[in-house]
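J.: Structure provided below as structure tokens; questions to follow.
Taken together, the values in this text are just the output of simple stated rules run on the coordinates, not laboratory data. Since we're looking at a predicted model, the values are computed, not measured. No Cβ is skipped: glycine too gets one built from the backbone with ideal geometry, and neighbour counts run over all protein chains shown.
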Amino acid sequence: MFRRLPETAAQPVTVVIDGRPVRVPFDLTAAAAVLIGDGITRTTPVSGSPRAPYCMMGVCFDCLMEIDGVPNTQACMVPVAEGMRINRQVGARKVRS
């Protein structure tokens, strides 16, 4: 479904996706980096169904992930950086009281 454009000479970066280090091209967004693997960014709060990036331009919110400790971040809008920690969001988030 997705196909990468020809590679550039730029160095890749290492990001940590769900605790696993992954080398990705420096010019990807966090959502695109997740698509290299299984593509699942979160699960729905009610049924637990897996979701994946859909629009890749910040409109649909299917790519919400925890990035560097910040939950509910639109992964399609965040460029990858060396050492970035990207975690899948599972179900409903707990609200701190």
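J.: Quick check on the stretch 12-87: of the DSSP beta bridges with both residues there, what percent are antiparallel, nearest 5%?
T.: Working: 14 of 16 bridges.
Around 90 percent antiparallel, to the nearest 5.
J.: Related question: Between residue 81 and residue 26, what length in nm is gained on full extension when 0.36 nm per residue of separation is reduced by their alpha carbon distance?
T.: Working: separation 55, 0.36 × 55 = 19.80 nm, distance 0.70 nm.
Once the chain is fully extended between residue 81 and residue 26, it gains 19.1 nm.
J.: Using Cα springs under 10 Å in a Gaussian network model of the chain, which residue among 44, 14, 73 shows the largest mean-square fluctuation?
T.: Judging by the Gaussian network model, the answer is 44.
J.: For the residue pair residue 60 and residue 44, what label-to-label distance in nm results when each label sits 7 Å from Cα along the Cα-to-beta-carbon direction?
T.: Between residue 60 and residue 44, the simple spin-label model gives 1.3 nm.
J.: At 222 nm, what helix-only mean residue ellipticity would the chain give, in deg cm²/dmol to the nearest 500, using -39500 (n - 2.57) for each DSSP H run of four or more? Mind showing how you got there, number by number?
T.: Values: 1 runs with 7 residues, N = 97.
That calculation yields -2000 deg cm²/dmol at 222 nm.
J.: Moving on. If I stretch the segment between residue 36 and residue 11 completely, what's the gain in nm (0.36 nm per residue apart, minus their alpha carbon distance), one decimal?
T.: On the way: separation 25, 0.36 × 25 = 9.00 nm, distance 1.70 nm.
Result for the pair: 7.3 nm of gain on full extension.
J.: Candidates (i) 31, 20, 11; (ii) 24, 15, 11; (iii) 21, 14, 12; which is the computed semi-axes √(5λ) of the Cα gyration tensor in Å?
T.: (ii)
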